[in-house]
Amino acid sequence: MNHFDTPHGMTRRHFLSHLAGASALAVPAWSLTQSMVANAATLKSNHKACILLWMGGAPPTIDMWDMKPGATTGGPHKPISTTGAGQITELLPNVAQQMHHLSIIRSMSTREADHERGRYYMHTGFVPNPNVEHPSYGSVIAKEFESKLQALEIPPFVSIGGNSAGPGFLGMAYAPFQVDSNGRVRNAQASVEEARMMDRMQLLGLLEKRFIRENRGPAAAEHAKVLKNTMSLLTSSQMDAFKVQSEPETMREKYGNTGFGRGCLMARRLVETGVPFVEVNSGGWDLHQDCFNRLEQKLPEVDQAMSALVEDLAARGLLENTVVLCMGEFGRTPRINGNTGRDHWARSWSVVAGGGGIEGGQVIGATNEDGTRVTTEPYSAEDLMSSICQAMGISLKTTYTAGNGRPMKIAGGGKVIGELFG
Amino acid sequence: MIRMAHSRGLTWLLAMFCWLAHERGLKATEPTSGSDSSHEAVVSLIDEKIRTAWNDNDLRPSPPATDAEWCRRVYLDLIGRVPTVAELDEFLGGKPRYRKQELVTRLLGSEYQDAFVEHWTAIWTNTLIGRTGGQQRRSLTSRTGMGDYLRQALSAAKPYDVLTTELLTATGAAQPDNNSSEDKYNGAVNFLIEKMEEGGIQATAKTAEIFLGMAVQCTQCHNHPFNEYRQNQFWEMNAFFRQTRTEREQDPNNDNRRLGYLVNRDYAGEGRMLYRDARSEIFLEERNGQLVDRDAQQVSEAPIYYELRNGQVEVAYPVFIDGTALEDVLADRNSEFGNSGYLEHVDRRQELARLIVESREFDRAMVNRMWSHFLGYGFTKPIHDMGPHNPPSHPELLDELGMAFRDSGFDLKSLMRWIVLSEPYSLSSRVTKKNRQDDPTLGVAPQFSRFYVRQMQAEQLYESLLTATQADETLGADRRDAMRQRWLQQFSTAFGTDDGGEASTFNGSIPQTLMMMNGDLVRRACSTDSGSFLDQVANNWDLSNREKIQYLYRAALSRMPSKEEINVCNTLLASRKGDVVGTLQDIWWAVLNSNEFILIH
């Protein structure tokens, strides 16, 4: 077996057998090595997962999921019918064929129309607050699934082609692991052979432990935790999940030879391996200018990758356990500006969700005839995150205690969007 | 119209206020002597205010940090790297009573000028154009140009008000190697050159954020939901940038590059026909005994318009955030200049820069920023969102320190000196029973009763590794800079959004750890090639093996190894059958990868 991504001649089994045996250094065992329980059995995921397709910059959902043909606020493209209830843009013909798996929520109304704030709000279910940093979807799921992930050696929260949002008060051990869409994990090649690496880790363990004992705040212990997770990853054969290039060519072509396509394919591989949360980033949606020509360039890529992902997950029987969610920071104005673009708009927009027990094929909520207003019950980021947590089997009664001792309800205390579950 | 709303009395008051501010501004530009005693007075002020707050909050400070810990801290924060063993020895050999003051004087003096300038150039570059500014292929921003300007300004020890004015009013070509234009190269334009789109929304937001500590980004669309900023203030501030535009052209010598220029142009205002040359009659009327062109104001007026949430359109002219209308400021000269878009009447950016540096927000924002650089937290969280809605933790200290900074003639080095010689900066980072609750990560206001541990910035790590190991000593300055830029780029991602959002993976997560464990930089730092740092330590016959181990610990951590650490290292050395250089390499790798190394403590 070619250990492409594991250190030079170092396999997990080998490394562990060395640790078990006599090391040159008779240092008391440190927690760094304690975690490295050999787990030879191939991991089969038996828990739910979530894939977030993050459209960074905020795409115009009025031109994608909730079109207004004929209205002065509508764009030039035409809606087409889908295998689900609603119509979507003609630029997403393949996604249209998968819409029986996915539901459109057309009544998002979220208040935050600034990129940074919207990004934070949609990822955490909380509006930014200078005194507390809230954990994002991936961190919450990594934390809540911790006991189910004993056999997972790679990070439980992976973000492909972007950085997602952070772990907040849950700490760096729940931070996103960022990789590029080629699946190259930088610096994963150890510079020395395993016996020496082991000695180095023993020396390092001693230093880490000493500094933690000096009681200088949580950063020291978090460093050690991340180090442990890094070691686990370095020696794991599960790193193969990142090797998107080892997929058959037909499969790679199906997803498309684009960053987003490779990212979606990698997301499927990671979910198969047992990673419970993967974010795939698609950027460049801040379409203040030349919106419609750029949609014609950008949407085909999304169409191919997103439809391939949903179809592939369904074909492998993974979709019933995998939530797929597609959104950006907010929507874009139901008004075309002087540069043929659309500006930021959070008052009425759409997200798409399916899989993991969410009932597909529906259109939930509605906007008025020109898309400027939600006419049904408006849904917030809190409501959306609560619904995803529900689908993931995470109790909405879960409460975190932020540093300040204040109890904090998961997902901002939102309420589940009932229609998603039939 | 909004600008007409002022009553006569109010206008007079505003004019009075401006006059007073102007007087004070003039006074402030005469630097005080900066004598030891005036420095000491400000340091005492800090200590006193901070101590009062400890008492009020029933906190007891941690004991002082060891002098070696303090030394490591102050090298990292002032010149961006850890001290070498020789520097540490020299400091610890000084007279205990004076050595801290002496070290600070040296680090701020000519001896360390280059390191100081490089460090603060990097910090200011990241503040002004972000970590990703100028990194995209066809970007108009020249990171080199930005650095050029800052390097030159910091080398000349330009006062902060001068530096700010130069950044805010700059015109010229952005790229240093642009030989194809008559426009003069001016690196300072790189702050604004890519912030002028859509009428300069980003120029407005970033100027307010960086120089006034005001977060106004959201108010372009609506009144702020939970602070006092109003939508009209955003657009009235934005109006100051409307004579400015970015012009671009294809580089004739390079297909992949566009050249950028920041220029001032007469501005006609938005969305209306010009009267100007179309007038067939000019009406004169008598005002204050003089005949004046009745419609002159309408001819030169350059209004802008913005839309309220309810769709209503409002007009805006240049008005500073405190309500000072440019029209009133310039009324003495000519009643039509303030709202005019003609450069012969007014240079709006010049006026803005003057209003900014005269405002108290300007000095307080800088004090807050600088304090947070050295102490890990500012007086407000975040530092760029100050105002009545977000009261500072130490209002009097912030205010008085701001005034002292203003009175020093905006001398950045004085401000730095005061902070690093203060008591809160001297404390240990160890948590004690009596200050456990002073933990800003818990959402409480920081009281600085201990030194909050924080991670080095990527730049500090890079410089520290290179300094400790002299890994790039043989390279020229240009090569060195290019290598550093390339290395730093790996951590940053730009979101590609209109607000220039970006993120870094140099944040203590796995990619950073992988870089430390296996990356090229640490590999180079751990080189045992002939002449390398480790080779020199290993083959230094004056040092025993034990001293060699101690040397490594001191080079990276500024402390001696513990007995246990020495023992373990010796065991390793024995098992390697005397392979000293190989063993030292492993020790060095471990030390560099430790929490203790990467954390400023």
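The values are calculated or read from the model by the stated rules, or taken from the named source; none is laboratory data. What you are looking at is a predicted structure, and each value in this text was computed from that prediction instead of being measured. Glycine also receives a Cβ, built like all others from the backbone with ideal geometry; neighbour counts cover every protein chain displayed. Keep in mind that these areas ignore ligands, DNA and RNA; they rest on the heavy atoms of the full protein, side chains included. Shrake-Rupley method; radii C 1.70, N 1.55, O 1.52, S 1.80 Å.
Things worth noting here:
- Residue match in the stretch B:474-489 (condition: of a type in the set (S, T, N, Q), open to solvent by 50 Å² or more (accessible area, probe 1.4 Å) and free of Cβ contacts under 8 Å to residues at least 12 places away in the same chain): yes
- Hey, residue A:136 among the polar types (S, T, N, Q), facing another protein chain (nearest Cβ under 10 Å), open to solvent by less than 30 Å² (accessible area, probe 1.4 Å) and touching a Gly at 6+ places or on another chain (Cβ under 8 Å) or not: no
- Some residue of the stretch A:111-132 being more than 17 Å from residue A:328 (Cβ to Cβ), of a type outside the set (A, V, I, L, M, F, W, C) and in contact with a Pro (Cβ under 8 Å, 6 or more places away or on another chain): yes
- Filter result for residue A:216 (touching a Leu at 6+ places or on another chain (Cβ under 9 Å), within 7 Å of chain B (Cβ to nearest Cβ) and surrounded by fewer than 18 Cβ atoms within 10 Å (Cβ to Cβ)): no
- Sole exception among (1) over 25 Å from the mean Cα position of the chain (by Cα); (2) open to solvent by 10 Å² or more (accessible area, probe 1.4 Å) for residue A:342, by number: (2)
- Of the numbered criteria (1) in contact (Cβ under 8 Å) with a residue 12 or more places away in the chain; (2) in a helix (DSSP H, G or I); (3) under 29 Å from residue A:315 (Cβ atoms), the one residue A:253 fails is (1).
- Selection from the stretch B:432-451 of residues that are surrounded by fewer than 21 Cβ atoms within 10 Å (Cβ to Cβ) and either among the aliphatic types (A, V, I, L, M) or in a loop (DSSP other than H, G, I, E, B) (or both): B:432, B:433, B:434, B:436, B:437, B:439, B:442, B:443, B:444, B:445
- Residues located in the stretch A:150-161, provided they are of a type outside the set (S, T, N, Q) and either modelled with pLDDT under 90 or part of a strand (DSSP E or B) (or both): A:151, A:157, A:158, A:160
- None of A:287, A:227 is in contact with a helix residue (DSSP H, G or I) (Cβ under 9 Å, 6 or more places away or on another chain) and part of a helix (DSSP H, G or I) except A:227.
- Only one of B:405, B:379 that is away from chain A (no Cβ under 14 Å), among the hydrophobic types (A, V, I, L, M, F, W, C) and crowded, with 20+ Cβ neighbours inside 10 Å: B:405
- Selection from the stretch B:408-431 of residues that are in contact with a strand residue (DSSP E or B) (Cβ under 7 Å, 6 or more places away or on another chain) and open to solvent by 10 Å² or more (accessible area, probe 1.4 Å): B:426
- Here B:92, B:76 are screened, and the one residue that is part of a helix (DSSP H, G or I) and under 24 Å from the mean Cα position of the chain (by Cα) is B:76.
- Selected residue (criterion: nearest to the other protein chains (Cβ to nearest Cβ)) from residues of the stretch A:170-191 that are at pLDDT below 90 and assigned to a helix (DSSP H, G or I): A:172
- Take the conditions (1) surrounded by fewer than 22 Cβ atoms within 10 Å (Cβ to Cβ); (2) over 29 Å from residue A:343 (Cβ atoms); (3) in contact (Cβ under 8 Å) with a residue 60 or more places away in the chain; residue A:77 misses just one of them, which is (2).
- All conditions but one from (1) open to solvent by 10 Å² or more (accessible area, probe 1.4 Å); (2) under 26 Å from residue A:388 (Cβ atoms); (3) within 14 Å of chain B (Cβ to nearest Cβ) apply to residue A:279; the one that does not is (1).
- Listed by first and then second residue, the pairs with beta-carbon distance under 6 Å, at least 6 apart or on different chains, first residue in the stretch A:277-290 and touching a residue at least 24 places away in the same chain (Cβ under 8 Å), second open to solvent by 10 Å² or more (accessible area, probe 1.4 Å) and polar (S, T, N, Q), are A:286/B:497; A:289/A:339; A:290/A:340.
- Considering only residues in the stretch B:514-539 that are open to solvent by less than 10 Å² (accessible area, probe 1.4 Å) and without any contact (Cβ under 8 Å) to a residue 12 or more places away in the chain, the one that is nearest to residue A:154 (Cα to Cα) turns out to be B:514.
- Residues located in the stretch A:133-156, provided they are polar (S, T, N, Q) and touching a Pro at 6+ places or on another chain (Cβ under 6 Å): A:139
- Evaluating residue A:381 against the criteria (1) surrounded by 14 or more Cβ atoms within 10 Å (Cβ to Cβ); (2) within 14 Å of chain B (Cβ to nearest Cβ); (3) among the small types (Gly, Ala, Ser) leaves one unmet condition, (2).
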